[in-house]
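For reference, the structure is listed below as structure tokens.
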Amino acid sequence: MAQFSVSGSVGLITLQNAPVNALSAWVRQGIVDMMERALREPEVKSVVICGQKGTFCGGADIKEFGTNMTGPPLIPMIHAIEAAAKPVVAAIEGVALGGGLELALGCHYRIAHSKAKLGLPEVTLGLLPAAGGSQRLPRLIGVPAALDLITTGRHVTAAEALLLGIVDQVTDHNTVDAAVKFASSVAGQSLDARRISTFPCPRPADVDALLEGAMWKVRRIARGAIAPVACVQAVRAAATLPYAQGMEREKELMATLFTSGQARALQYCFFAQRAVGRWSMPSGDRWDTSEPRPVHKAAVIGLGTMGSGISVALVQAGLSVVAVETHEKQLMEAKQAITGMLERGAKRRGVKPAFDKIRYSHNIQPLADVDLVIEAVFEDMALKEKVFQQLSAVCKPGTYLCTNTSGLDIDHLAAQTRNPELVVGMHFFAPAHVMELLEVVYGPRSSPQAVATAMQLGKKMGKVSVAVGNCRGFVGNRMLKPYLEQASFLLEEGATPELVDGVLEEFGFAMGVFRMSDLSGLDVGWRVRQADGLVVPHATAGRQARVRRGCRYSPLGDLLCEQGRFGQKTGRGWYRYDKPGSHLAKPDPWLHSFLEEYRARHGLVVRRIDHQEVLERCLYALINEGFRILEDGIAAGPEDIDVIYVSGYSWPRHRGGPMFYASIVGLTKVLERLEHYHRAHPDVPNLQPCSLLRKLVASGSPPVNKWREVMKTLHSQL
Ligand code: NAI
């Protein structure tokens, strides 16, 4: 609702809808009623709109999307405010986002607190600012700045908003008091020059080139998302059409977006990300009701690629860090790298780098008083066992011992310590200070409090933390394995890396599977397969070259590694690069003839592989493993898997994550296609549909948000 009060000659309308004063139906009704009252009452000469509890307005009520909206619509409400004969001032504290900023743009003046954040993030939900935002903002701040804010959805600080001209004043004091004072000072003044919808849109001479450039840029970055494209079209309308026609265009574009699957997918991601925090452990103990313990001082062991990034993320989250590295040369290099990352991060955030928060050490003796340790030494079980034994002896009782292993058994590491309940996995992604995903891996003996503490620490570091069970590769890497394998089988059958990557990039991945492998290094997986006994010297393998443990195996990646082709770092991998470390992947004739020779040697008949097969085999094999993960209880629900894939594996957000995608494609179709490929290639692993997929299809293919219920019923029937 909205509350009305009068301060002197100023009518004060306060939005009241915790937590962010979203513009739900009853809030809109309140604003309409209170505005009418303010305009009616003769002693009220001007109006201030503000929000309760230090927050102006977080925008539309997303829960109303897709429902039959009741209450007054937003656009006429904002028009009425703009058309008012008495000055209306928006007092912006906390946030003015989406519909909240559009409401403020309908006011005649805007005063913001210095800590306020403003923005039009609709594009991130697959929409555009369709309550006049796309038409008013370019008129207020010009086409280039409006394009930037509307197509990226980025938030700006009050200082930047002032510079851009979005707000008229910034204050460090009480914003509502400042707005009331300002409102009484402008009472009775003409409002002709304050109604943004009447402004001509400032048009730079090269506006066409500018808009074309913007369109080209969003198409390149958006990877198939349609909302950023519609945002550019809406701004074009603002720049080229009268306001009323621009509003019509905004409405048309919004209607297209609103009914698109992409908006649904993006909104699903938004809610899924919120839901992953609410997770319960299999024992029934809810970790989120178990209080996390505060972590003030942490330690990182091993300052390679991961440990250095993790140290930076911890320092930036305000913790004191002891960083341990045994190799002298590596310690020097890591110090330099960490200092550089802290400097750059501080510059970006406009603060001083917190060099004093980090202490370096050659050994683990200074770890006696830390609250939590993150181990990031080489992926070698014997080494990690030793490190955990030492940590258990040196650290104070109650110190949480976490490992950044990519897939080793957490429970085995826990068994090396005096208190296995204090051991959890914290699986970061490279570069650890940048990537937002964190898998928090609980072993059978991890305590709910240990999981809660790691989840809380992840949140403090600004990560999207997802709690997952302990198994080989956890969730993300376990699903990646069949995806990578199918891609390799496709090469054996006649595809090229360029074909496979092209299809996956067109689907929306930032990088296809082969380009991605070249970037992360082919040797990483090779070493793991070597440790597993899967790598057999090809020359001696004979007929067993393409079989491991009774299943088809594609040794192509191993063969490249044997040739020293580790990817970008060596300048050769699935592609060639002008020099080691260069990022530009070029098709490699050597690789093509290597594939031809390989196929000839093994008598493989080359066939034409179409785009549909590439997409279906790679994605459905990954999705099938996702169902197995749900079946095994490694992920709590499909949302957990989807959040992991969208935030850590560049799965296109506008497709909502692999499990959501499967439900949109139709579970029956996924099942049928897997069966088809399994029949065609019975010896290729991971194409046989798993039983949960079959059971969900037999239960009528419920939508993704109903899977948990069905899974519960199926479980109780066992
Ligand atoms: P890395 O090889 O870059 O660094 C490991 C560091 O640990 C080296 O600097 C080494 O000198 C140091 N070290 C070895 N024994 C030590 C000891 N006893 N005490 C202190 N330092 C010691 O390895 P990277 O890539 O940083 O990986 C570390 C861990 O993180 C591994 O378990 C890996 O599987 C995991 N991981 C790696 C990812 C990646 O993309 N590189 C992603 C996620 C997890």
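The values are calculated or read from the model by the stated rules, or taken from the named source; none is laboratory data. On a predicted model such as this, the values are computed, not experimentally measured, just so you know. All Cβ positions, glycine included, derive from the backbone under ideal geometry; neighbour counts span all protein chains shown. Just the protein is used for accessible areas: all its heavy atoms, side chains included, with ligands, DNA and RNA removed. Shrake-Rupley method; radii C 1.70, N 1.55, O 1.52, S 1.80 Å.
Give the calculated FRET efficiency between Lys459 and Glu252 to the nearest 0.05, with a Förster radius of 51 Å applied to their Cβ-Cβ distance.
0.80
The listed residues Thr339, Thr175, once ranked by accessible area (1.4 Å probe) with the largest placed first, stand as Thr339, Thr175.
Each peptide in 615-627, 382-394 gets a packing score, the mean of other Cβ atoms within 10 Å over its residues, and the list from highest to lowest is 615-627, 382-394.
On a per residue basis, the chain carries 42 Å² of accessible surface, using protein heavy atoms and a 1.4 Å probe. Where only DSSP H runs of four or more residues are counted, the chain gives -15000 deg cm²/dmol as its mean residue ellipticity at 222 nm, each run worth -39500 (n - 2.57). Taking all protein chains together and rolling a 1.4 Å probe, Glu43 ends up with roughly 100 Å² accessible. Stretching Val606 away from Gln52 to a fully extended chain increases their span by 192.7 nm, per 0.36 nm per residue minus the current alpha-carbon distance. Overall shape: oblate for the stretch 611-717, with the ratio a/c of the largest to smallest alpha carbon gyration tensor axis at 1.5 or above and b/c at least equal to a/b. In this label model, Gln245 and Glu631 are separated by 5.9 nm, measuring between points 7 Å along each Cα→Cβ vector.
When you count, for each residue, the other Cβ atoms within 10 Å and take the mean per peptide, how do 32-39, 528-535, 686-693, 202-209 rank with the highest first?
The peptides rank, most packed first, as 686-693, 32-39, 528-535, 202-209.
Close amide H pairs (under 5 Å, H built 1.01 Å from N) link Gln169 with Arg110, Ala112, residues at least 5 positions away or on another chain. Taking each residue as 0.36 nm, the span from Thr713 to Glu333 lengthens on full extension beyond its C-alpha to C-alpha distance by 131.3 nm.
Summing +1 for each Lys or Arg and -1 for each Asp or Glu among the other residues whose beta-carbon sits under 14 angstrom from that of Ala178 gives -1. Once you sort the root eigenvalues of the Cα gyration tensor of the stretch 104-206 as a ≥ b ≥ c, which label holds: rounded (a/c under 1.5), prolate (a/b larger than b/c) or oblate (the other case)? Because a/c hits 1.5 or more and a/b fails to exceed b/c, the stretch 104-206 counts as oblate.
Among residues other than Arg37 with Cβ under 13 Å from its Cβ, the summed charge is -2 (Lys and Arg +1, Asp and Glu -1).
When a 1.4 Å probe is rolled over the protein heavy atoms, the share of accessible surface on the stretch 19-67 that falls to carbon and sulfur comes to 58 percent. Remark: spin-label model distance Asp208-Glu506 equals 3.1 nm, labels positioned 7 Å along the Cα→Cβ axis.
Taking a straight line from the alpha carbon of Lys117, these lysines sit under 17 Å away, with near neighbours fewer than eight places off in the same chain left out: Lys53.
Between Gln389 and Glu43, residue separation times 0.36 nm minus the direct Cα-Cα distance comes to 116.9 nm.
For the residue pairs Lys459/Lys481; Lys352/Lys463; Lys352/Lys579; Lys357/Lys396, alpha carbon separations beyond 25 Å are given by Lys459/Lys481; Lys352/Lys579. For the peptides 108-114, 242-248, residues were scored by their other Cβ atoms within 10 Å and the scores averaged per peptide; the highest-first order is 108-114, 242-248. Dividing the convex hull volume of the alpha carbon atoms of the stretch 512-601 by its residue count gives 97 Å³ per residue. Accessible surface ranking for Lys45, Lys347, Lys586, 1.4 angstrom probe, highest first: Lys347, Lys45, Lys586.
Counting only protein heavy atoms and using a 1.4 Å probe, the accessible area of Arg264 comes to about 140 Å². Between His412 and Asp177, what FRET efficiency follows from the Cβ-Cβ distance if R0 is 56 Å, with the result rounded to 0.05? Step by step, r from the Cβ atoms, then E = 0.35. Between Ala193 and Arg293, the distance separating the two model label sites (each 7 Å from Cα on the Cα→Cβ line) works out to 6.4 nm.
Couplings 3J(HN,Hα) for the stretch 606-613, derived from phi with the Karplus relation 6.51 cos²θ - 1.76 cosθ + 1.60 (θ = phi - 60°), are 6, 10, 6, 10, 8, 4, 4, 5 Hz, where x marks Gly and Pro.
Which shape class applies to the chain: rounded if a/c is under 1.5, otherwise prolate when a/b exceeds b/c and oblate if not, where a ≥ b ≥ c are the square roots of the Cα gyration tensor eigenvalues? Cα axes put the chain in the prolate bin. For Asp168 and Thr305, the FRET efficiency from 1/(1 + (r/R0)^6), where r spans their Cβ atoms and R0 equals 51 Å, is about 0.60. Loop-located chymotrypsin sites (Phe, Trp or Tyr not before Pro) in the stretch 290-378 (DSSP state other than H, G, I, E, B) with a sparse environment of at most 16 neighbouring Cβ atoms within 10 Å: Phe378.
Karplus-based coupling profile of the stretch 383-390, in residue order and whole Hz: 5, 5, 3, 4, 4, 5, 4, 5, with θ = phi - 60° in 6.51 cos²θ - 1.76 cosθ + 1.60 and x standing for Gly or Pro. Heavy-atom accessible surface of Val513, to the nearest 10 Å², is about 0 Å², with a 1.4 Å probe and all protein chains retained.
Would you mind checking the stretch 168-182 for residues with the amide N under 15 Å from a putative spin-label position 7 Å along Cα→C-beta of Ala18? It comes to no residues whatsoever. Sorting Arg139, Arg552 on solvent-accessible area from highest to lowest, probe radius 1.4 Å, gives Arg552, Arg139.
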